Amino acid sequence: MTRDTADATDRDTCLLAIDQGTTSTRAIVFDRLGRRLASAARELPQSFPQPGWVEHDPQRIWDDTVACVREALASAATDARGIAALGITNQRETTLIWDRRSGQPIHPAIVWQDRRTAAFCREHADRDGWIAERTGLVLDPYFSATKIAWLLDHVDGARAAAARGELAFGTIDTWLLWNLTGGQVHATDATNASRTALFDIRRQQWDDELLAFFNVPRSLLPDVRDCAADYGHTVPALFGAAIPIRGIAGDQQAAVVGQACFEPGMVKSTYGTGCFMVLNTGKQFTHSRKRLLSTVAYRLGGETTYALEGAIFVAGAAVQWLRDAVRLIGAAGETEALARSIHDTQGVYLVPAFTGLGAPYWDPEARGAIFGLTRDSGIAHIVRAALESTCYQTRDLMQAMAADACVPTELRVDGGMVVNDWLTQFLADVLQIDVLRPQVVETTALGAAYLAGLGAGVYASLDDIAALWRADARFVPERPRADADRLYDGWINAVQRVRVGGTHGT
C-alpha cells in the first residue's frame, strides 16, 4: 500500500478507481488533478487446469476488490462520503456466468488468455470475415462469445437455466458492478461489449445473428451504456456510505482516456501482463487489412470514437515466467540491471507464445521457444531476450497500424514494465520513434477515474482531462535504423519457426 500527499484544496473532489487486472486487483484514490492519493493492491493467482486453459476465482476477485477499496479509502484519509464518483476498469474478455438469484458463479472465470475453444474457431474459420465486419474482431478464443458457449455446454444444467432466464453473463466489470450494487444493476459499457464478438460496433447493439451463431441466449446479456454514465450506487454497507458509480471502460480503453489520446492518430501502448496498442481512428469505423482489431475507443454522450488495436498476449507475463516458472530472477526489478550487464543477446531470441500469438498473427497453436543459445549464453541473455520480445512485438503492431491507417509520430506508453528505463529506450530504438512516459503510469486506473469524473460533472469535457496530461520522460531513438532493422529481422525469423497456422499480418 502506498500513500501520496496533496494539498487540502485538491482533496475537495476525490475520485476512486477499481482496476481489476489479470494478475492483480487494485483500488486507487485520485484527486481532481489526477494525482494519486492512496492505493491498495492484491495479487491475483491464476489456475491452469489443462494446457492452454486459464481460470480465475470470481469470489477471490470480489473479496480482493472490497478489501482494496477499504484500505485505499483509509489510507487516503477520506471515507466514502468524500468520493465524488467511482470508476471501474477491468481485464477484458474474461468471462463468467452466475445465478441471478444466489449471485453464485456457475464455474470459475475463463480468462482472456484461455485457448480451450481453439478447435471451434478453426472449424468455423470461414466465418471470420463476417464476424470481423460486424464486430471488428477476428474469430479467436480470445473473445468472450466462444467462452460463454463453452460454459453453457459444459456446466450441467447451464443451458436449461439460461433458457429460463436464471443466469447472467458478464465480463469482470459487470460482475463487480452486480456485486457493488447488491445485484441491482446488470450492465456493461460499450468498450467491454465490443470485446465479446456479440456486439455490432457500428449499430452499437447486441446482434441477433451473432447470438444465434454462437448459440448464446440474449437473456444472459447485460445492458450496454456509455463509458461515463449512471451505473447506480454501491451498497452503503460495503464502504460506509453509497458511492456513485459513474464510469466503466475496459482496461485498454481506460488507458486511452488516461493517456489523453483523444485526437485521431494518437496512439498508446500499455505494458502489463500482455501488451495492447490502441490507435484513435476518430468517428469512423476503420476495417483493418492487417488483422488488427477494430474496436470502440470510448462512447460518450451516445457518440462513439473508434480505434485500431493490436493485442500481444504475453509481455509482463514473460517476466513472471522468468521469476516463477524457471526462476532465473527473484523479482521483476532485477531485469533492468541484467539487460544492461551485456552488450547484446548474442543472437538469442525468446518468442513468448505461451498461449499462442496475438495480433497480427492470430495463431492459437503457436508455442513459446528460445532460439540462438550457445555455450556462452547465460541468464542475462535470456532475460534481455524476454524484454526485447516485448519491443519486437510492439513493432509488429506499429507496422500493421501504419499500413492500415497512419504512421504515428510518437508513442505514449504506460503500465508496470515501462518504469524500466532500459526497456523503454530499447523500445524507442526498435520503433525508431519517440516514446513518451507520463508522470502517472497507472493510466488505466486514472482513465477509469477520469470517466467517473466526467459522469459526475467533475470535468466538463475531454479537454479538461487532456490539459492534465504531463510527460515524465521522452525516449528518443539512439540506435541506427539499420541496426534496429537487423535485430527485427532476427525476430521475424524466430517467430516463423514457432508458427503452426495463420499468416503474418504485417
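Could you list all residues from the stretch 254-283 that are under 14 Å from Leu436 (Cβ atoms) and assigned to a loop (DSSP other than H, G, I, E, B)?
Gln259, Ala260, Cys261, Met266
May I ask you to say which residue of Gly416, Gly490 is over 30 Å from Cys227 (Cβ atoms), out of contact with any Asp or Glu (no Cβ under 8 Å at 6 or more places or on another chain), in contact (Cβ under 8 Å) with a residue 24 or more places away in the chain and not polar (S, T, N, Q)?
Every option except Gly490 fails the conditions.
Does Leu357 fit the bill of being within 17 Å of the chain's Cα centre (by Cα) and more than 29 Å from Ile248 (Cβ to Cβ)?
Criteria met by Leu357.
Pull up the stretch 109-142, narrow it to residues that are aromatic (Phe, Trp, Tyr) and surrounded by fewer than 23 Cβ atoms within 10 Å (Cβ to Cβ), then point me to the one that is farthest from His154 (Cα to Cα).
Trp130
Exactly one of (1) under 24 Å from Val256 (Cβ atoms); (2) modelled with pLDDT of 90 or more is unmet by Arg81. Its number?
Failing condition for Arg81: (1).
Do we find that Ala369 is surrounded by fewer than 18 Cβ atoms within 10 Å (Cβ to Cβ) and hydrophobic (A, V, I, L, M, F, W, C) in this structure?
Yes; evaluated as a whole, the condition is true for this residue.
Collect the residues in the stretch 352-387 that are farther than 21 Å from Arg122 by Cβ and outside any helix (DSSP H, G or I), keeping them in residue-number order.
Pro352, Ala369, Ile370, Phe371, Gly372, Leu373, Thr374, Arg375, Asp376, Ser377, Gly378
Identify all residues within the stretch 223-253 that are under 16 Å from the mean Cα position of the chain (by Cα) and within 18 Å of Ala460 (Cα to Cα); write none if there are none.
Cys227, Ile248
Residues checked against (1) surrounded by fewer than 24 Cβ atoms within 10 Å (Cβ to Cβ); (2) over 15 Å from Gln91 (Cβ atoms); (3) among the β-branched types (Val, Ile, Thr):
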residue: Gly258; (1), (2), (3): no, yes, no
residue: Tyr271; (1), (2), (3): no, no, no
residue: Gln284; (1), (2), (3): yes, yes, no
residue: Lys290; (1), (2), (3): yes, yes, no
residue: Leu300; (1), (2), (3): yes, yes, no
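Taking Thr305 as the residue in question, decide whether it is closer than 22 Å to Val413 by Cα, surrounded by 20 or more Cβ atoms within 10 Å (Cβ to Cβ), touching a Leu at 6+ places or on another chain (Cβ under 9 Å) and of a type in the set (Val, Ile, Thr).
no
Out of (1) touching a helix residue (DSSP H, G or I) at 6+ places or on another chain (Cβ under 8 Å); (2) at pLDDT 95 or above, what's the single condition that is false for His381?
With (1) touching a helix residue (DSSP H, G or I) at 6+ places or on another chain (Cβ under 8 Å); (2) at pLDDT 95 or above applied to His381, the lone miss is (1).
For His233, only one of the following conditions fails: (1) over 30 Å from Ile433 (Cβ atoms); (2) out of contact with any Pro (no Cβ under 7 Å at 6 or more places or on another chain). What is its number?
(2)
Here's the yes/no breakdown for (1) free of Cβ contacts under 8 Å to residues at least 40 places away in the same chain; (2) surrounded by fewer than 18 Cβ atoms within 10 Å (Cβ to Cβ); (3) among the polar types (S, T, N, Q); (4) part of a helix (DSSP H, G or I):
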| residue | (1), (2), (3), (4) |
| --- | --- |
| Ala317 | no, no, no, yes |
| Leu322 | no, no, no, yes |
| Ile329 | no, no, no, no |
| Ala337 | yes, yes, no, yes |
| His343 | yes, yes, no, no |
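Quick one: what pairs do we get from the stretch 380-403, first residue over 16 Å from Ala428 (Cα atoms), second acidic (Asp, Glu) and assigned to a helix (DSSP H, G or I), C-beta under 9 Å, 6+ apart or different chains?
Close Cβ pairs satisfying both conditions: Val383/Glu334.
Could you please give the count of residues in the stretch 477-488 that are closer than 15 Å to Cys391 by Cβ and not charged (D, E, K, R)? Outline the logic, then answer.
Initial filter on the stretch 477-488 (closer than 15 Å to Cys391 by Cβ): 477-479, 481, 483-488.
Those left that are additionally not charged (D, E, K, R): 477, 484, 487-488.
Counting residues in the stretch 477-488 that are closer than 15 Å to Cys391 by Cβ and not charged (D, E, K, R) gives 4.
The values are calculated or read from the model by the stated rules, or taken from the named source; none is laboratory data. This is a predicted model, so every value here is computed, not measured. Note that each Cβ is placed from the backbone with ideal geometry, even for glycine, and that neighbours are counted across all protein chains shown.
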